[in-house]
Amino acid sequence: MSEPIEEPRRLRVVVADDQAAVREPLAAVLALSEDIEVVAAAANGSEVLTAVAAGPVDVVLMDLRMPVMDGTEATRRLGEAYPDVAVVVLTTFADDDSILGALGAGARGYLTKNAGRLDITRAIRAAAAGQSVLDREVQDRLLATVRTRAPASASASAPLRALPDDLTPREREVLTLIGQGLPNRGIAEKLFISEATVKTHINNLFAKAGIRDRADAVRRAIEAGLA
């Protein structure tokens, strides 16, 4: 007798937004994806922590500006108490302070509310797999910010981190394109390879160079003169 085929486990997601008019439709749309289960909805960061504590949770889709506890503080506390839970920011704000604050707190993805359902679900899946996804507008602002601050940081005697010698030419190409703000799909199209292959190169690149996330990869590409 053949053994029953196990269905893949769905990703357990908490949706956090202080506006019910945003939170409830978003949860309903995400629930249409076969591999995503919305296990809770939260109106503030405190409710997020409560929902995650009740767990299990894989990903939190997090708004930033919320009462009681904002999304950045909630992200920081999640990172301390529940490091395996990934945070993807979904917000209307794309200013430098919001982006750097959220990424610095440990967010694995950052999207603006112009993102469509496919963009959001792709970011959730990527975050659950340990990958970072940044909205193109966010990548552009992050690139501009890092380029503006890079000379100042160098003059302050902060040593630049050299790339390891064992990076392959393809891994350097991938890092260059990340530094230029391309998402995984754009990198795949540029190099005529699959997105799965891009992810493999990124995983290898991050491991060899000690890169934490995509934002750190952009900084390293700029430091190395690749972007």
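Counting only residues at least eight positions apart within a chain, or on another chain, the lysines with an alpha carbon under 18 Å from that of LYS190 are LYS199.
Once you order the gyration tensor axes a ≥ b ≥ c over the Cα atoms, which shape class does region 9-55 get: rounded for a/c under 1.5, otherwise prolate or oblate by comparing a/b with b/c? Because a/c hits 1.5 or more and a/b fails to exceed b/c, region 9-55 counts as oblate. Where both partners of a DSSP beta bridge lie in the chain, what percent of those bridges are antiparallel, to the nearest 5? Given both bridge residues lie in the chain, the antiparallel proportion sits at roughly 0 percent. Rounded, prolate or oblate: which fits region 20-136, taking a ≥ b ≥ c as square roots of the Cα gyration tensor eigenvalues, rounded meaning a/c under 1.5, else prolate when a/b beats b/c? Verdict is rounded for region 20-136.
Summed over the residues of the chain and divided among them, the accessible surface reaches 51 Å² per residue at a probe radius of 1.4 Å.
Length available on full extension from LYS190 to ALA54: 0.36 nm per residue minus the Cα-Cα distance, which gives 44.6 nm. TYR82 contributes an accessible area of around 80 Å² to the protein surface, as traced by a 1.4 Å probe with all chains present.
Put THR91, THR176 in order of accessible area, highest first, and with a 1.4 Å probe you get THR176, THR91.
Applying the Karplus relation 6.51 cos²θ - 1.76 cosθ + 1.60 with θ = phi - 60° to region 216-225 yields 3J(HN,Hα) values of 5, 5, 4, 4, 5, 5, 5, 4, 7, x Hz, where x marks Gly and Pro.
In this structure, the amide hydrogen of LEU11, modeled 1.01 Å from its nitrogen in the peptide plane, lies closer than 5 angstrom to those of ILE36, GLU37, counting only residues at least 5 positions away or on a different chain. Please enumerate, by chain and number, the aspartates and glutamates with C-alpha under 18 Å from the C-alpha of LYS208, excluding those fewer than 8 residues away in the same chain. List returned: ASP165, ASP166, GLU171, GLU173, ASP216, GLU223. Among VAL88, VAL38, VAL68, the largest mean-square fluctuation in a Gaussian network model of the chain, built with springs joining Cα atoms closer than 10 Å, belongs to VAL68. Computed in the context of the full set of protein chains, the accessible area of the chain at 1.4 Å probe radius has 52% of its extent on carbon or sulfur. Over the chain, Cα pairs under 8 Å with separation of 6+ residues give a relative contact order of 14 percent. Listed values for region 127-137 are Karplus-derived 3J(HN,Hα) couplings in whole Hz (6.51 cos²θ - 1.76 cosθ + 1.60, θ = phi - 60°), namely 4, 5, 8, x, 9, 10, 10, 10, 4, 4, 4, and x replaces Gly and Pro.
Across region 53-67, coupling constants 3J(HN,Hα) worked out from phi with the 6.51/-1.76/1.60 Karplus curve, θ = phi - 60°, read 4, 6, x, x, 9, 9, 9, 10, 8, 10, 6, 9, 8, 9, x Hz, and Gly and Pro carry x.
The values are calculated or read from the model by the stated rules, or taken from the named source; none is laboratory data. Predicted, not measured: the structure shown is a model, and the values here were computed from it. To get the accessible areas, we keep the full protein, side chains included, count just its heavy atoms, and leave off ligands, DNA and RNA. Shrake-Rupley method; radii C 1.70, N 1.55, O 1.52, S 1.80 Å.
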